[in-house]
Every structure is written in C-alpha cells, then in structure tokens.
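The values are calculated or read from the model by the stated rules, or taken from the named source; none is laboratory data. Just so you know, these numbers come straight off a predicted model, no measurement behind them. Neighbour counts are summed over all protein chains in view; Cβ atoms, including those assigned to glycine, are modelled from backbone coordinates with ideal geometry. Just the protein is used for accessible areas: all its heavy atoms, side chains included, with ligands, DNA and RNA removed. Shrake-Rupley method; radii C 1.70, N 1.55, O 1.52, S 1.80 Å.
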Amino acid sequence: MNTLNIYSDDVNEFLTKPEGTYFDRKSERQEPNKIADLLIAFANAEGGVAAIGITNREFTGINSLTSKKINDFTQVGYDFC
C-alpha cells in the first residue's frame, strides 16, 4: 500500500472529487479492517485511491490518531487482504 504526501491542491481535489470506481473517502474514525473491502474492490478494478482522514467532505486528517492506528491503516492491505 502506498501513502501519498499531499499538498493543498490535492486536499481540495480529495474534498470535491466524486467518489466512484477509483476513488473513495473514509473517516479516520473508521476501523482499519473495514477498509480492506474497499482495497479489494480497487484491486479488482485496476487500482484506486482511498483518502483517509476526510469526514463529511471536511479534511480531518490523521494527526490526532495514535501511531498504532496510523500503522494499522498502513498495514490494512497486508493484514486483511
């Protein structure tokens, strides 16, 4: 699983881009194992982007999460797919 360094232009796109086959937003409050189905769907559709840390089209980020939960998000593909 790749993580991206994002910039202000990217944040705006992530907030406004429609969700679909290749893009989805997820709240940082989501349990990491619940992201696995989304990643599997992306893998079956030739890839996609899961933007984690967006709630109700507002950027909430992941900085408030524990380092363990951030690591859990990073490891979802390995642990649950």
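Rounded to 0.05, the FRET efficiency of the residue 46 and residue 10 pair, given R0 = 25 Å and the Cβ-Cβ distance, is 0.75.
Solvent-accessible area assigned to carbon and sulfur over the chain amounts to 47 percent, based on a 1.4 Å probe.
Loop by DSSP (not H, G, I, E, B), at most 14 other beta-carbon atoms within 10 Å: where is the longest site-free stretch of the chain for GluC sites (Glu not before Pro)? Don't skip to the answer; put the middle values down first.
On the way: sites that count: 19, 46.
For GluC sites (Glu not before Pro) (loop position, at most 14 other Cβ atoms within 10 Å), the longest site-free span of the chain is 47-81.
Here the calculated FRET efficiency for residue 66 and residue 38, from their Cβ-Cβ distance with R0 = 25 Å, stands at 0.70, rounded to the nearest 0.05. Think of a 1.4 Å ball rolled over the protein heavy atoms: the chain then has 70 Å² of accessible area per residue. Helical runs assigned H by DSSP (4 residues or longer) give the chain a calculated mean residue ellipticity at 222 nm of -12000 deg cm²/dmol, each run adding -39500 (n - 2.57) before division by the residue total.
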